[in-house]
Amino acid sequence: MTAPVRVLVCDDQALIRTGFATIIDAQPDLEVVGECGDGKASVDLANRLRPDVVVMDVRMPVLDGIEATRLLAGAAVAHPVKVLVVTTFNLDEYVYEALRAGASGFLLKDAPPAQLLHGIRTVASGAALLAPEVTRALVGRYAARIRPAGGGTDDVPLTPRELEVLRLIAEGLSNSEIATAMVISQETVKTYVSRILTKLDLRDRVQAVVYAYRRGLVT
């Protein structure tokens, strides 16, 4: 039997925190290993408990969720923890900052329970949770901040087909949309995505989007 996904829930509102924990613990494949109410506690607990996923609020006392995410999943972290940011604030700036800090996904608190559970499982599996339309909106607004001048494909260690997949990921297409666009199966797309992440040493699709824009592979 596969071990359950271990989840740490961090939210400064006790009612929401308890509600999330109750929903998560009711699933046979998920297990809440800890709860806390501020960002500093989340970092301390995550480093001690090593959960598979941290469900992280944004606005919290002592240390906000963005900075806590950076300390747990940022580029400088030797052993990053997967973070799913869940917030009441539907602001592009929060989404962008959370993803830049290293979060693997972003959900709103008014999402249905099934979406929260799907989000946790998705992030735990190593995939990123960001709806294609959110990706499109984000890159449309923040591409100039992500992309430096210049760039190119000369030193990108990908085949032409893999580069094509990476560009489509960066444009916000889902696996099924990529499969349709390239006239290949979804399983083949998954294989390409896995190869791209491995070759570029990226954690998930979100990092792949940022990489593509930084290298000027998409405009």
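The values are calculated or read from the model by the stated rules, or taken from the named source; none is laboratory data. These figures come from a predicted structure and were not determined experimentally. When we count neighbours, we look across all protein chains shown, and the Cβ atoms used for this are built from the backbone with ideal geometry, even at glycine.
Things worth noting here:
- Consider segment 67-82 and keep the residues that are touching a strand residue (DSSP E or B) at 6+ places or on another chain (Cβ under 8 Å) and under 13 Å from Leu99 (Cα atoms). The one that is surrounded by the fewest Cβ atoms within 10 Å (Cβ to Cβ) is Ala73.
- The residue pairs whose first member lies in segment 157-172 and is free of Cβ contacts under 8 Å to residues at least 12 places away in the same chain, whose second member is loosely packed, with under 15 Cβ neighbours inside 10 Å and in a helix (DSSP H, G or I), and whose beta carbons are closer than 7 Å, counting only pairs six or more residues apart or on different chains, do not exist in this structure.
- Looking only at segment 95-115, and only at residues there that are in a helix (DSSP H, G or I) and within 13 Å of the chain's Cα centre (by Cα), the one that is modelled with the highest pLDDT: Ala101
- Among the residues listed as Val53, Val81, Val86, the single one being at pLDDT 95 or above and closer than 22 Å to Val209 by Cβ: Val53
- From Lys190, Lys199, residue being free of Cβ contacts under 8 Å to residues at least 40 places away in the same chain and among the charged types (D, E, K, R): Lys190
- Exactly one residue among Leu163, Leu217 is of a type outside the set (D, E, K, R), farther than 17 Å from Ala98 by Cβ, at pLDDT 75 or above and assigned to a loop (DSSP other than H, G, I, E, B), and that residue is Leu217.
- Test: residue in segment 177-187 that is under 19 Å from the mean Cα position of the chain (by Cα), free of Cβ contacts under 8 Å to residues at least 60 places away in the same chain and either outside any helix (DSSP H, G or I) or within 21 Å of Gly102 (Cα to Cα) (or both): no
- Any chance Ile196 is at pLDDT 90 or above and part of a loop (DSSP other than H, G, I, E, B): no
- Only residues that are in a helix (DSSP H, G or I) and either surrounded by fewer than 16 Cβ atoms within 10 Å (Cβ to Cβ) or of a type in the set (Phe, Trp, Tyr) (or both) were counted across segment 45-66, and they come to 3.
- Scanning segment 170-219 for residues being surrounded by fewer than 20 Cβ atoms within 10 Å (Cβ to Cβ), hydroxyl-bearing (Ser, Thr, Tyr) and touching a helix residue (DSSP H, G or I) at 6+ places or on another chain (Cβ under 9 Å) gives a total of 5.
- Verdict on Gln27 being modelled with pLDDT of 95 or more, surrounded by fewer than 20 Cβ atoms within 10 Å (Cβ to Cβ), assigned by TED's automatic domain parsing to the domain that holds Thr88 and among the polar types (S, T, N, Q): yes
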